[in-house]
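Participant: Just passing along the structure, written as structure tokens.
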Amino acid sequence: MTSIATAGASVTEQHAAIAGARPWQRLVLLAVGLLVALGLPWFVYPPVAMDIAAWALFAVALDLLLGYCGLLSFGHAAFWGGSAYATGLIAIHLGVPFPLAVLGGAVFAMILAVPIGYLSVKRSGIYFAMVTLAFAQMLFFIANQASSLTGGENGLQGVPRSFFGIEAVETDAFFFYYAALPIILLGMWAAWRIVHSPFGRVLVAIRDNAPRARALGYDVERYKLIVFVLSAGLSGLAGGVFAVSHGFVALPELHWTTSGEVVLMTVLGGIGTLWGGVIGAGLIVMLADYLASSGFDGIGIVTGGVFVTVVLLFRRGIWGTARHLWLNRKRS
Amino acid sequence: MNAVLQYTVQGLAAGSFYALAALGLAVIFGVLGVVNFAHGAFYMLGAVAAAVLLDTVGMSLWLALIVVPVLMLVFGMLVERLLVRWLLPLDPLYNLLLTFGLTLLLVDLVKRRYGVSGLPYDRPDALDGRVQVAGIGLPVYQLFVIGVALLVCLGVWLLMTRTRVGMIVRAATERPELAGALGINVGRWVTPVFGFGVALAGLAGVLAAPFRAITAEMGSDFIIILFAVVVIGGLGSIVGAVVGGFLVGLVEAFGQAYAPTFAQVLIFVLMAVVVLARPAGLFGREEATA
Amino acid sequence: MTSTTPTPRCALRTEGLTKDFRGFRAVSSVDLEVAEGTVHALVGPNGAGKTTLFNLLTGFLKPTSGRIMVFGDDVTGMAPERITHRGVARSFQITSLFENLTPREHVEIALQGLTNQGLRFWRSEKLLGRRRDEVDRLLAEVGLTELADKPTGLMAYGQKRALELALVLAVEPKLLLLDEPTAGMGIEDVDRTIELVRRIAEGRTVVFVDHNMHVVGQLADRVTVLQQGSVLAEGPYDEVRADPRVITAYLGEAHSA
Amino acid sequence: MNKPRNARAAALIAGLTAGALVTAACGAGGPSASGGDFTDDKVVLALLNDASGVYKDVSGPNSKIAIQMAIDDYKEKYGDEAVVDDIEVTSADHQNEPDIANTKAQELYDREGADIILDVPTSSAALAVATQAKNKKKLYMNIGAGTTELTGAQCNKYTFHYAYDTWMLANGTGTVVTEEGDKNWQLIYPDYAFGQDMVKSFTGAIEAGGGKVGGTIATPFPNDNFATYITKAGAAKPQVIGTMHAGGDLINLVKQYNESGLKDQGISLAVGLMFISDIHSLGVEAFEGTIFTDAWYWNFDDKSREWADRYMEETGDRPTYAHAGNYSAALQYLEAVQAAGTDDADKVVEELEGKKVDDMFLRNGEIRAEDHRVIHDVYLARVKGPADVEEDWDYEEIIKTIPAEKAFRPAAESGCSM
């Protein structure tokens, strides 16, 4: 069976994606990406820019699992939201600088991912999606009830942005963006590193043909578990930054609709492209922001419509389509 | 003892909704290999349709129990023809994503058309009140729901075992390798089967209408529980879907009675245990490890 | 692979191996013995249970009952990857490759299979290129040097089967299980593959399934004939071939086909 | 949407010259940019609520119309005397997502020039907006959220709480029903912060009234199956079952309470939070006889009815108390601006604090200085039977008026320090 990542793009493209473009092309793309990341809060309202960056890392983390291991997690809100709560609690109770709190949140997400992953990777495909969804929802219920810890329905309010006493960062969203950006970029670099490592190569092999990989001596469940935990950690970094940026954590971060949203971003950007999620996140966050002030109240119609359209007609996603066109142009 | 009987009836009534809907999910999965995320939305549409038909043309519950599933059958067949079909050759995850998007669309459309506060629904007088069983009054409606669910499950079982169509569907659901070997062409049954599965979700919705809040969101948490049901029962199994549905209903009722704080979590704990002990589910087929 | 014992050990042994699928018995109390250093063929008509047996031997299916011993160790119920680590390699009936990797990348992955290098998510994938000589040698052995860096998805069928063999060899197996190595090949490719397998078999134990009696005759020291999940006959090729039961059950059918 | 474009141009120029500091200053947008008493020479009221989700009918887009009515009334009252001519109302949909509410609140204050944000249902969203109000030193008047935290531990100088809160609901229903003679209670509540708060307040109120709470039953949230809980509560043979559920869960619970036959056994149902829109959508039959606390009722007297008629002309519906609350909040804000002669938040707060008010929504009202709780008379209502309904939306019978000073949590108990 073709995996979800390969069903969208042709074999040669996938290959090109793995072998990578020419070095200079990669450098140009990298430079453009960095420029966009650095310039974003100049063009977009800074809190929105921070949202985009956090969601972008979240989408990249999901693609690490979906695009490179063929595992569709419909429960990644557990790690994004779990880390958000952990980050918030650490920041409130320990008062450490926010990057440390975020790191703590990410570690918590990884610890959380071990039992959830252990159970989930026993199944693949559709089953995996359903099992992760159910476990994440379980976490939602727990957080809702444990209101003495999480604030329940009221949310965990008053998460401080402590940053070595530098007031500009602590109070101004614009400067906070630059203080938090390194965490996001570090997370993205980590995702890139993982994809382009011996481990990443094995992941692609498992995605394409798990039984074959097993016959070569690879413990597939172990690899899946590790990438699950790594993906959870990166989602946790993103969720932690998000929590600190907003100054509070609320239950919807753990709800399955959040998992759905990040899946939408990844699919829109292009599954198995790693960076497609960044574009997907940018578009969806700006769309939600725009719709909130537009007076048009059909957010579900728009996102649902986008989802259906992309899946039916546009499976490569934006980044994937762009790459496809680029490669075709070169070939002809 | 009285309480236990009451909880059992309540659990089975709640389980009836799960069992009917999960049965639809299982049949669709069996023949198309698609996990229909929109199943919760179809359940919601069934309830909304019943409420709207009552309000506009005064259609009673009795009639709605027939008419709405037929409407849902047609609607389901349209969805299969227009949307799901195109993705069948691809990884089944694409159809999961498609039906997820469809869910968002349907929920929002219903919200815009019928509001967010819920729709009223009155059940027929015949189903009001309670019957005395062993000295306890049991609500007639709950017993009715259980009865209908059991009847329908039995009917589906007969359909599956006694008719040629049923055998084909069952072979495709439970023994795809056999269906292939026997050279059965499952293709022409794909559309009706999808419609049939949707109709079952719609039927569950009609039954829920007098009993639960009819809102656009009523299917969103339902689908999560439904996923847990089929994971527990085994996705490829028709019996598993029904047994899983009633089991989860009972776990819910007794959990609520004796461990209210953990009632909701209990279902997922049960699911975790099943995944750990029998990854394919209680009645699921063993697959070659992949 | 040097065996110090003068008398051939048993490389593979099954005792009463049985597999049921929902009341359907696919493999029925099969006792199999494969001496170290020999080439052993499994034959039988479609649905005889050959592939199921293969899946049992390599851990992809768990037996309903019975035992599997590899070089004297019990591997019953062990996961496929653990069995691989015990020196057992298998190929697949249907060409089973990683669509998105080049032959070179395939072999690199395969060579890494028995190490822990694959877990190193923090290192560069360049690490994989370190065993270039070995990769080149294996690719040369199966005749794929030219195609080493071309996408596998575009290769011809025979070339894919050759790559399959390279993968099997890369895990340095003592026992090879080949599932229909010549299926779907033209005459020329079949002869090339026979040569290849013969070469590979030196110093190793090979168990293979094949429909092509020509291949079986050329390669196999011993043959086991399966029918409806049970062993119908076993012995040297010529002996089995002459067995009237086998002729009626299988060979006749195969000849006429 | 040309504001972002201007902002972008400004940001670009700033970027080319002095760097980040300039934008930051633009973004923060202090008062006195144009030198007058009003920022940008106008007052902007921003409605931030749920325009698409479960609270759409409770408040939603119609609250914008209510706010516009307040602006019109203000202009009509003061005419040429008005200190500001240009009054705008803008709105945003927070989609019930607290993080969107949070970002939108910042954006409304920073970029849309909002002087005040109104409404914001969902407690977590309201608390986040309150924090932004405090940070940005701009006003926020909550109508849609019920958490007492807003006037409790998390109160601040710029946040005011209108209409209902959990304490008031529980106290109203609990005290009055107990005093009327139903002493023996069972409570069913959703096991999350709102329900947990409510159950505390309910228990306090019931015991103060001389009743007793026989048992409390926590239910998951959200939940659609309450049959078991109702059976359990009924088994204890209380006189009344109190429930703290709201919205869809409340409808589920009421349907299954009707199903249970407890009504026939004389066990009545008292509800904490209910909106008239709930009754309207489900019909009075479903809720007949249910007792609940209401912050305001459109058909209470001529004054409220007159306003409700105007509102109906505009929207085609009758208002909930959230709509009326939004109107009143906007009006009282504008009155305070008029008195202060500026939209400077600190000065407006000074005008608001301690003010006694009486408008069509606030009866015997006072904007308490200590915790910014806006107190007023509230009512205990019973849902009419179908036979008693004389017109559409005529669903409530007001059993009792709870005077302002008794209706809300005393300031001394709030735990608020500003």
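Participant: For the stretch D:124-155, which positions are open to solvent by 10 Å² or more (accessible area, probe 1.4 Å) and either free of Cβ contacts under 8 Å to residues at least 12 places away in the same chain or not charged (D, E, K, R) (or both)?
Facilitator: Scanning the stretch D:124-155 gives D:THR131, D:GLN132, D:ASN135, D:GLY144, D:THR148, D:ALA153, D:GLN154, D:CYS155.
Participant: How many residues does the stretch C:191-203 hold that are of a type in the set (Ser, Thr, Tyr) and surrounded by fewer than 17 Cβ atoms within 10 Å (Cβ to Cβ)?
Facilitator: Within the stretch C:191-203, residues that are of a type in the set (Ser, Thr, Tyr) and surrounded by fewer than 17 Cβ atoms within 10 Å (Cβ to Cβ) number 0.
Participant: Right, here's the next one. For C:ALA48, indicate whether it is surrounded by 19 or more Cβ atoms within 10 Å (Cβ to Cβ), more than 13 Å from the chain's Cα centre (by Cα) and not in a loop (DSSP other than H, G, I, E, B).
Facilitator: Spelling it out, it is not the case that C:ALA48 is surrounded by 19 or more Cβ atoms within 10 Å (Cβ to Cβ), more than 13 Å from the chain's Cα centre (by Cα) and not in a loop (DSSP other than H, G, I, E, B).
Participant: Which residues, taken from the stretch A:250-273, are small (Gly, Ala, Ser), in contact with a Pro (Cβ under 7 Å, 6 or more places away or on another chain) and surrounded by fewer than 24 Cβ atoms within 10 Å (Cβ to Cβ)?
Facilitator: none
Participant: When the residues of the stretch C:116-126 are narrowed to those that are touching a helix residue (DSSP H, G or I) at 6+ places or on another chain (Cβ under 7 Å) and outside any loop (DSSP other than H, G, I, E, B), which ends up farthest from A:ALA210 (Cα to Cα)?
Facilitator: C:GLU125
Participant: What helices (runs of 4 or more DSSP H), lying completely within the stretch B:205-290, carry at least 2 residues that are of a type in the set (Phe, Trp, Tyr) and within 14 Å of chain D (Cβ to nearest Cβ)?
Facilitator: By residue number, B:238-258.
Participant: Something else: Would you be able to tell me the number of residues in the stretch C:178-223 that are of a type in the set (Lys, Arg) and touching a Phe, Trp or Tyr at 6+ places or on another chain (Cβ under 8 Å)?
Facilitator: 1
Each row is one residue, and each column tells you yes or no for (1) open to solvent by 10 Å² or more (accessible area, probe 1.4 Å); (2) on the phi < 0 side of the Ramachandran plot; (3) of a type outside the set (A, V, I, L, M, F, W, C); (4) assigned to a loop (DSSP other than H, G, I, E, B).
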{"site": "C:ALA89", "(1), (2), (3), (4)": "no, yes, no, no"}
{"site": "C:PHE92", "(1), (2), (3), (4)": "yes, yes, no, yes"}
{"site": "C:THR95", "(1), (2), (3), (4)": "yes, yes, yes, yes"}
{"site": "C:GLU99", "(1), (2), (3), (4)": "yes, yes, yes, yes"}
{"site": "C:HIS106", "(1), (2), (3), (4)": "no, yes, yes, no"}
{"site": "C:LEU114", "(1), (2), (3), (4)": "yes, yes, no, yes"}
{"site": "C:GLY129", "(1), (2), (3), (4)": "yes, yes, yes, no"}
{"site": "C:ASP136", "(1), (2), (3), (4)": "yes, yes, yes, no"}
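Participant: Let me ask another. Within the stretch B:95-196, which helices (runs of 4 or more DSSP H) (wholly inside it) include 3 or more residues that are surrounded by 18 or more Cβ atoms within 10 Å (Cβ to Cβ), in contact with a Leu (Cβ under 7 Å, 6 or more places away or on another chain) and modelled with pLDDT of 80 or more?
Facilitator: B:140-162
Participant: From the set of residues in the stretch D:339-357 that are in a loop (DSSP other than H, G, I, E, B) and touching a strand residue (DSSP E or B) at 6+ places or on another chain (Cβ under 6 Å), which is least open to solvent (accessible area, probe 1.4 Å)?
Facilitator: By that ranking, first place goes to D:ASP343.
Participant: Another one. Taking the conditions exactly as written (more than 18 Å from B:ALA208 (Cβ to Cβ), away from chain B (no Cβ under 14 Å) and open to solvent by 10 Å² or more (accessible area, probe 1.4 Å)), does D:GLU288 satisfy them or not?
Facilitator: No, not satisfied.
Participant: Okay, moving on. Considering only the stretch A:138-241, give the helices (runs of 4 or more DSSP H) lying wholly within it that have at least 3 residues that are away from chain D (no Cβ under 14 Å).
Facilitator: Where helices (runs of 4 or more DSSP H) fall fully within the stretch A:138-241 and carry at least 3 residues being away from chain D (no Cβ under 14 Å), they are A:173-195, A:198-208, A:210-215.
Participant: Further question: Out of curiosity, is C:GLU180 in contact with a strand residue (DSSP E or B) (Cβ under 6 Å, 6 or more places away or on another chain) and away from every other protein chain (no Cβ under 14 Å)?
Facilitator: Spelling it out, C:GLU180 is indeed in contact with a strand residue (DSSP E or B) (Cβ under 6 Å, 6 or more places away or on another chain) and away from every other protein chain (no Cβ under 14 Å).
Participant: Just to check your reading of the model, which residue among B:LEU98, B:LEU54, B:LEU61 is facing chain A (nearest Cβ under 10 Å) and of a type in the set (A, V, I, L, M, F, W, C)?
Facilitator: B:LEU98
Let's see how each residue does on (1) modelled with pLDDT under 90; (2) surrounded by fewer than 18 Cβ atoms within 10 Å (Cβ to Cβ); (3) of a type in the set (Ser, Thr, Tyr); (4) over 13 Å from the mean Cα position of the chain (by Cα):
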site: C:PRO173; (1), (2), (3), (4): yes, no, no, no
site: C:THR182; (1), (2), (3), (4): yes, no, yes, no
site: C:ILE187; (1), (2), (3), (4): yes, yes, no, yes
site: C:THR205; (1), (2), (3), (4): no, no, yes, no
site: C:LEU232; (1), (2), (3), (4): yes, no, no, yes
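Participant: Would you mind telling me which numbered condition in (1) in contact (Cβ under 8 Å) with a residue 24 or more places away in the chain; (2) closer than 18 Å to C:PRO173 by Cα C:THR115 fails?
Facilitator: Status for C:THR115: all satisfied but (1).
Participant: Is it fair to say A:SER259 is hydroxyl-bearing (Ser, Thr, Tyr) and away from chain C (no Cβ under 14 Å)?
Facilitator: Spelling it out, A:SER259 is indeed hydroxyl-bearing (Ser, Thr, Tyr) and away from chain C (no Cβ under 14 Å).
Participant: I'm trying to understand the selection: among the residues of the stretch D:288-316, which are in a loop (DSSP other than H, G, I, E, B) and out of contact with any Phe, Trp or Tyr (no Cβ under 8 Å at 6 or more places or on another chain)?
Facilitator: Listed by number, the residues that qualify are D:GLU288, D:GLY289, D:THR290, D:ASP301, D:GLY316.
Participant: While we're looking at this one, here's another question. Provide a single number: the residues in the stretch B:8-65 that are in a loop (DSSP other than H, G, I, E, B) and touching a residue at least 40 places away in the same chain (Cβ under 8 Å).
Facilitator: The number of residues fulfilling the criteria is 7.
Participant: Checking the conditions here, which among A:ALA84, A:ALA56 is within 14 Å of chain D (Cβ to nearest Cβ), in a helix (DSSP H, G or I), among the small types (Gly, Ala, Ser) and within 13 Å of A:VAL241 (Cβ to Cβ)?
Facilitator: Answer to the check: A:ALA84.
Participant: From the list C:GLY153, C:GLY186, C:GLY143, C:GLY118, pick out the single residue that is on the phi > 0 side of the Ramachandran plot and either out of contact with any His (no Cβ under 8 Å at 6 or more places or on another chain) or within 7 Å of chain A (Cβ to nearest Cβ) (or both).
Facilitator: C:GLY143
Participant: Take D:ALA92 and decide whether it is over 14 Å from the mean Cα position of the chain (by Cα), assigned to a strand (DSSP E or B) and not polar (S, T, N, Q).
Facilitator: Yes.
Participant: Something else: Answer yes if at least one residue in the stretch C:240-256 is outside the structural domain of C:PRO103 (by TED's automatic domain parsing), small (Gly, Ala, Ser) and touching a Phe, Trp or Tyr at 6+ places or on another chain (Cβ under 8 Å), and no otherwise.
Facilitator: No, the stretch C:240-256 contains no residue that is outside the structural domain of C:PRO103 (by TED's automatic domain parsing), small (Gly, Ala, Ser) and touching a Phe, Trp or Tyr at 6+ places or on another chain (Cβ under 8 Å).
Participant: Further question on the same structure: Cβ-Cβ under 8 Å, sequence separation 6+ or interchain: first residue in the stretch A:111-128 and more than 7 Å from chain B (Cβ to nearest Cβ) and in contact (Cβ under 8 Å) with a residue 24 or more places away in the chain, partner in a helix (DSSP H, G or I) and among the basic types (Lys, Arg). Which pairs?
Facilitator: Hits for this filter: A:GLY117/A:LYS224; A:VAL121/A:LYS224.
Participant: I've got another one for you. So which of D:ALA70, D:ALA105 ends up being more than 12 Å from chain A (Cβ to nearest Cβ), crowded, with 24+ Cβ neighbours inside 10 Å and in contact (Cβ under 8 Å) with a residue 24 or more places away in the chain?
Facilitator: Exactly one of D:ALA70, D:ALA105 is more than 12 Å from chain A (Cβ to nearest Cβ), crowded, with 24+ Cβ neighbours inside 10 Å and in contact (Cβ under 8 Å) with a residue 24 or more places away in the chain, namely D:ALA70.
Participant: Still on this structure: Any idea which of C:VAL34, C:VAL39, C:VAL75, C:VAL70 is open to solvent by less than 10 Å² (accessible area, probe 1.4 Å) and within 30 Å of C:ILE247 (Cα to Cα)?
Facilitator: Of the residues listed, the single one that is open to solvent by less than 10 Å² (accessible area, probe 1.4 Å) and within 30 Å of C:ILE247 (Cα to Cα) is C:VAL34.
The values are calculated or read from the model by the stated rules, or taken from the named source; none is laboratory data. Just so it is clear, the structure is predicted and the values come from calculations on it, not from any experiment. Heads up, the Cβs are rebuilt from the backbone with ideal geometry, glycines too, and the neighbour counts pull from every protein chain shown. These accessible areas exclude ligands, DNA and RNA; they are computed on the full protein's heavy atoms, side chains included. Shrake-Rupley method; radii C 1.70, N 1.55, O 1.52, S 1.80 Å.
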